[in-house]
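*Asks:* Below you will find the structure I want to go over with you.
Here, each number is a calculation from the coordinates, and none is a lab measurement. From a predicted model like this one, the values you see are computed outputs, not experimental measurements. Counting neighbours? That spans all protein chains shown, and the Cβs are built from the backbone with ideal geometry, glycine included.
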Amino acid sequence: MKAYEVIKNSYYDSVTLMSTTVSIKKDLNLKDLVMFMGTDMNKEMIQSVGLYDQKFDDATPNDLLLGVEMDQEVDQWVDQVLSKLNNQNKTQDESETVYKTIAQAKKAKDSNIAIISVPGIYAANEAYKALENNMHVMLFSDNVSVEDEIGLKDLAIKKDLLMMGPDCGTAIINGKGLCFANQVSKGEIGLVAASGTGLQEVTVIIDRFGGGISQAIGVGGRDLSEAVGGRMMLKGMDALDEDEQTKVIVLISKPPHQTVLDKILKKIKTMHKPVVVCLLDAKVDQTLKDTYFVSTLTEAAQKALELNHIKTPDLMEIDEETNALINYEIKQKQETQSKIKGLFCGGTLTAEALSVLRSKVDQITSNVAKKENEKMKNPLESKGHNLVDLGDDMFTQGKPHPMIEPMIRLDRILLEAKNPETSVILLDFELGLGSHEDPVGVTIETIDEAKKIAQKDNRSLTFVAYVCGTKQDHQGLEKAEAMLKEHGVIIANTNAHAALIASKIIGGR
Amino acid sequence: MSTLKLFNETLKVVNVGSPSFKKDYETQQLDYVHLEWRPPANGDLKLLSLLNKIRPKMELIEKANEEVVSKIKAAEAKLVAVKKAVDVIPQMTKHTILHSGPPIAFDKMAGPMQGAIIGALMYEGLAKDQDEAIKLAKSGKITFDSAHHHQAVGPMAGIISASMPVHVLYNETHKNYSYCTINEGLGKVLRYGANSKEVLDRLKFMEETVMPVLNEAVELADGIDIKAIITQALHMGDECHNRNKASSALFLREVAGYIVSTSFSDEMKSGTLNFIKNNEHYFLNLSMPYCKLALDSARNTKHSTVVVAMSRNGVDFGIQLAHSDKWFTAPANYVKGLMFPGFTEDDAAPDIGDSAITETCGIGGFAMGGAPAIVQFVGGVVKQAYDYSKEMHEITSGKHQVFTLPPLDFMPTALGIDILKVVETNILPIINTGMAHKEAGVGQVGAGLVNPPMACFEKALEDYAKGV
């Protein structure tokens, strides 16, 4: 059936009418609906659609014409159509503003830093855009070419901006942790680091013993290569030297290229604040005023605290309680059990453990080793003293990094447990922003299972663990450590301390 | 030192990439914006490498682009005459037919364009009927060319033949001219490919009545400032492409007194007045040549990557850059929007007409924020119109301080589409436009929004990079 109505003196914009016709037709389940103002042209159009009525003849352009065709009668269709039409006219919800480009966001929000984690092939382009918009950059992405890294860092230096990365996983700027960082107190110790977990470890230790961080600048793992030449490390050193809140400066990196090391030492000579240099394995036979060369992250933190006039106990000391645990464990061992198996999520933590253990045990190998004789031939195989960085590309192809998903370590723990030579399994757990919500929780059952596997073979497996985190970290440091202790895991003060404990258990030097 | 400044201000993050960091920002009450990021240049590494190749030239390019933008802004536009095309348009002959968009052969043309050409040939008396017109069009005796090559533009099919009256606009700043036909109104009209007697009769009326009356009126007025009308109309809810209600009324107000003062009969005067009054799109055929005039004045600027023409012939969409006269074309998109009753999207022809010249010049879709009524074409909310106008600033080199949008605190419209920015951001110019029926002569079937194909910009970039 068809029905018609003229609503006198009710002007609606033609576009409103046309745009709502479809939805009203659908909502009311009408076969057809026309809604037009009564102009001659509209009347003609309605005629052509076949919904014209004599009622419309006298209508004026100020009158609303309604024509409807219904399969079954809709109650009070006129009221319903009008109420829907009037509803439509009311202000609609504002759609949320969407930002598609860095420039847009900069303009709207006056943002001062871009954190970029897009696929590497696109990352440099975004970083250029950010710098061109006078924003500092933290470039989390990897797979950025060296040429782009140099280009980006040169542009940043020219504009006096920070270009952290590529492959920069950790920074703390103005007390805010970026990407993978721990919640630490604000303070007077500033860091520049070419290492994510290295930066985390040092800031965590500083926080734990009452110190605080002014700024922790990441520069990306390749910054201290010969090609990049430490561009951002040098820039960061300048910035911290000038920053009034910073009283002590800590530099962290895996061993840099010699030419870069020379530049850093040269820069240090011009600086006005005490500098702690932690280049892990790098040998520095120099004595510089107010400069302290250390070889572990633990020492770096400890030295920085000392320079910041904060007293700490000797973090590498093994206290009586721990000593008792060690002695107990030693007594349980079978003769075959002689090896340390370190399974790490943190790359720099692996390297630090290597530098601690190198002098304590014979023939230790690792997939992070630089020296030929220390390189692990097959990181997938458990053989001898091994320190495996499970964040290595070969383990993470198509998978999340073990700091995000520690589950990828579980199978490896079981593999080590089955190896009769395994005596100690050394583990790190990272808390903080970016990291897994409960890394200890997802691992704990596997630790129990590993122990059972060994026990069936009359072996006693020792787990030594270090939890890199602060009390403020949302995962809960105390909870994590308590859970590990409850399951018979020996807890270390620091990562280096954990390596030392492991060496004691196998009777290392 | 800027780094030290950062250490002493509140951190405000733009997160580009993984949304998983969002919760960490929230935990720390860190002020952040998460970008709706998509790979630039549609993830095309070849294009990205071209962009990188150009990067060292950026300063030169930016300078050239600024020059282009300032020329466009400096252009003035007066309607100075209404004359027969053959008398004013350069290289126009009795046997020349100009059309919208990039050049195209008759056989390849869209239905509405062919229909309009058939009508034009009959109107010119070169053919008696449709069959004869088709034969003539295919005979090679007719020269078809892009109107753009003759400083002319036309909406939809954009057909200009020798006897058609055209608005003549003059730019006092750069001493150049532009031309555009007179808008015929809605319904069955030549620009949509209609060529019935009614259509041809109207064209004759325009030639015999509107042209002489208007020409004399314009002379009496000593020219009519078209740019000034656009400026005002943007404050009255027009964007001067798809909505010309205010501008058409303003134009009539400017010209009406002079029409009355002309030497013609009352019948001719009232015929002309009513013709303008009854067409709320009258002004489109004045805003378009204004844009053409301004954009042409910026041509031949070395190194510039700014677009000076965007146009469609119903098959292809073409763009031209300020540094060369080359067209970069790709198949035109279909307009998305509101269909008039009785029509479906299947009825629509691909995007057609020179009217995207308005967006090229910073009005039309770019000024949608000042013409909120337009968003209803796409069933959107007013804020979308605001967002479009804001977003266009991401892809332009400058802004048009004279053209401002009241709802956005008088924000200037975005001006000078830069192909580098388009390719890089994936943001395409937004065009408000009408939809033609794919068959000749049916007319307008809807209106809505459309984008140029990205391929035009990509091709332009490839060509540009070759020269670097």
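*Asks:* Based on the alpha-carbon gyration tensor of the range B:1-46 and its eigenvalue square roots a ≥ b ≥ c, which shape applies: rounded if a/c is under 1.5, prolate if not and a/b is larger than b/c, or oblate?
*Replies:* oblate
*Asks:* Per-residue HN-Hα couplings for the range B:340-356, Karplus 6.51 cos²θ - 1.76 cosθ + 1.60 at θ = phi - 60°, whole Hz, x for Gly and Pro?
*Replies:* Once rounded to whole Hz, the list reads 5, x, x, 10, 10, 4, 5, 7, 7, 7, x, 2, 9, x, 7, 5, 5.
*Asks:* Percent antiparallel among DSSP beta bridges with both residues in chain A, to the nearest 5?
*Replies:* Around 30 percent of the beta bridges assigned by DSSP in chain A are antiparallel ones.
*Asks:* Counting other beta carbons within 10 Å of each residue's own, what order do A:444, B:229 fall into, fewest first?
*Replies:* A:444, B:229
*Asks:* Let me ask something else. What ³J(HN,Hα) values, in whole Hz, does the Karplus curve 6.51 cos²θ - 1.76 cosθ + 1.60 give for the range A:492-499 when θ = phi - 60°, with x put for Gly and Pro?
*Replies:* For the range A:492-499, the Karplus-derived couplings read 9, 5, 9, 5, 5, 4, 4, 5 Hz, x marking Gly and Pro.
*Asks:* Using the 4.7 Å Cβ rule, please list in number order the cysteines from chain B without any candidate partner.
*Replies:* B:180, B:240, B:456
*Asks:* Helix A:40-49 versus the longest principal axis of chain A: what angle, 0 to 90°, nearest 10, using Cα atoms?
*Replies:* Approximately 80 degrees, to the nearest 10.
*Asks:* Assuming a ≥ b ≥ c are the square roots of the Cα gyration tensor eigenvalues, decide whether the range A:466-509 counts as rounded (a/c under 1.5), prolate (otherwise, with a/b larger than b/c) or oblate.
*Replies:* On the way: a/c = 5.25, a/b = 1.89, b/c = 2.77.
Oblate, since a/c reaches 1.5 and b/c is not below a/b.
*Asks:* Put +1 on the Cβ of each Lys and Arg and -1 on the Cβ of each Asp and Glu in the protein assembly as shown; which of A:220, B:65, A:7 then has its Cα farthest toward the positive end of the dipole?
*Replies:* A:220
*Asks:* With the dipole of the range B:355-468 worked out from charges on the C-beta (+1 for Lys and Arg, -1 for Asp and Glu) around the Cα centre, which of B:372, B:453, B:393 lies farthest toward the positive end?
*Replies:* Among B:372, B:453, B:393, the one farthest towards the positive end of the dipole of the range B:355-468 is B:372.
*Asks:* Under 5 Å between amide hydrogens, which residues at least 5 positions from residue B:445 or on another chain qualify, with H placed 1.01 Å from N in the peptide plane?
*Replies:* The answer is B:435, B:436, B:437.
*Asks:* Net charge near residue B:190: determine it from the other residues with C-beta under 13 Å of the C-beta of residue B:190, scoring Lys and Arg +1 and Asp and Glu -1.
*Replies:* Once all neighbours under 13 Å are counted, the net charge is 0.
*Asks:* Still on this structure, I have one more. Among the lysines, which have Cα under 16 Å from the Cα of residue B:138 when same-chain residues fewer than 8 positions away are ignored?
*Replies:* Output for residue B:138: B:108, B:128.
*Asks:* Which order do B:108, A:109 fall in if you start with the one that has the fewest other Cβ atoms within 10 Å?
*Replies:* Ordered from fewest to most neighbouring Cβ atoms within 10 Å, B:108, A:109 come out as B:108, A:109.
*Asks:* According to the square roots a ≥ b ≥ c of the eigenvalues of the Cα gyration tensor, what is the shape class of the range A:161-203, taking rounded for a/c under 1.5, prolate for a/b larger than b/c otherwise, and oblate for the remainder?
*Replies:* Since a/c reaches 1.5 and a/b is larger than b/c, the shape of the range A:161-203 is classed as prolate.
*Asks:* If you don't mind, another one. Could you work out the local net charge near residue A:274, counting Lys and Arg as +1, Asp and Glu as -1, over the other residues with Cβ closer than 12 Å to its Cβ?
*Replies:* Residues near residue A:274 contribute 0 overall.
*Asks:* Right, here's the next one. Which order do B:21, A:395 fall in if you start with the one that has the fewest other Cβ atoms within 10 Å?
*Replies:* A:395, B:21
*Asks:* When Lys and Arg each count +1 and Asp and Glu each count -1, what net charge do the other residues less than 15 Å away from residue B:370, Cβ to Cβ, add up to?
*Replies:* Neighbourhood net charge equals -1.
*Asks:* With +1 on each Lys and Arg Cβ and -1 on each Asp and Glu Cβ, and nothing else charged, work out how big the dipole of the range B:276-418 is about its Cα centre, in Debye to the nearest 20. Write out the running numbers ahead of the final one.
*Replies:* Details: 10 positive and 15 negative charges, 84 e Å.
In total the dipole reaches around 400 debye.
*Asks:* Given 20 °C and 1.002 mPa s, compute D for the protein assembly as shown with the Stokes-Einstein relation, Rh being the Kirkwood radius over Cα pairs; round to the nearest whole µm²/s.
*Replies:* D = 65 µm²/s.
*Asks:* With just the Cα atoms of the range B:33-107, tell me how far they stretch along each of the three principal axes, in Å, largest first.
*Replies:* Result for the range B:33-107: principal-axis Cα extents of 55, 39, 28 Å.
*Asks:* Tabulate in residue order the Karplus-calculated ³J(HN,Hα) for the range A:249-262, using 6.51 cos²θ - 1.76 cosθ + 1.60 with θ = phi - 60°, rounded to whole Hz; enter x for Gly and Pro.
*Replies:* Going residue by residue, I get 10, 10, 10, 10, 6, 6, x, x, 5, 4, 4, 6, 4, 4 Hz, with x marking Gly and Pro.
*Asks:* Run the helix sum for the protein assembly as shown: -39,500 (n - 2.57) per DSSP H stretch of 4+ residues, divided by residue count, reported at 222 nm to the nearest 500 deg cm²/dmol.
*Replies:* Details: 34 runs with 365 residues, N = 977.
So the helix-based figure for the protein assembly as shown works out to -11000 deg cm²/dmol.
*Asks:* Projecting each Cα onto the charge dipole of the protein assembly as shown (Lys/Arg +1, Asp/Glu -1 at the beta carbon, about the Cα centre), which of A:22, B:21, B:190 comes out farthest on the positive side?
*Replies:* B:21
*Asks:* Distance check, please: which entries in A:333/A:377; A:129/B:57; B:46/B:390; B:73/B:292; A:159/B:466 exceed 19 angstrom between their Cα atoms?
*Replies:* A:333/A:377; B:46/B:390; A:159/B:466
*Asks:* Can you list residues whose amide H is under 5 Å from residue A:430's amide H, if they're 5+ apart or on another chain and H is modeled 1.01 Å from N?
*Replies:* A:468
*Asks:* Check which residues have an amide H placed less than 5 Å from residue A:488's amide H, if you skip close sequence neighbours.
*Replies:* Sorted by chain and number, the residues that satisfy this come to none at all.
*Asks:* Among the lysines, select those whose C-alpha is under 21 Å from the C-alpha of residue A:311, and discard any that sit fewer than 8 residues away in the same chain.
*Replies:* Partners found: A:186, A:247, A:273, A:303, A:471.
*Asks:* Where nothing but the Cβ of Lys and Arg (+1) and of Asp and Glu (-1) is charged, how large is the charge dipole of the range A:368-443 around its Cα centre, in debye to the nearest 20?
*Replies:* 300
*Asks:* Under a crude label model (7 Å from the Cα following the beta-carbon direction), how far is residue A:186 from residue B:409 in nanometres?
*Replies:* Between residue A:186 and residue B:409, the label points sit 2.9 nm apart.
*Asks:* Rounded to the nearest 20 Debye, what is the dipole magnitude of the protein assembly as shown about its Cα centre when Lys and Arg each give +1 and Asp and Glu each give -1 at the C-beta?
*Replies:* Here the size comes out at about 2160 debye.
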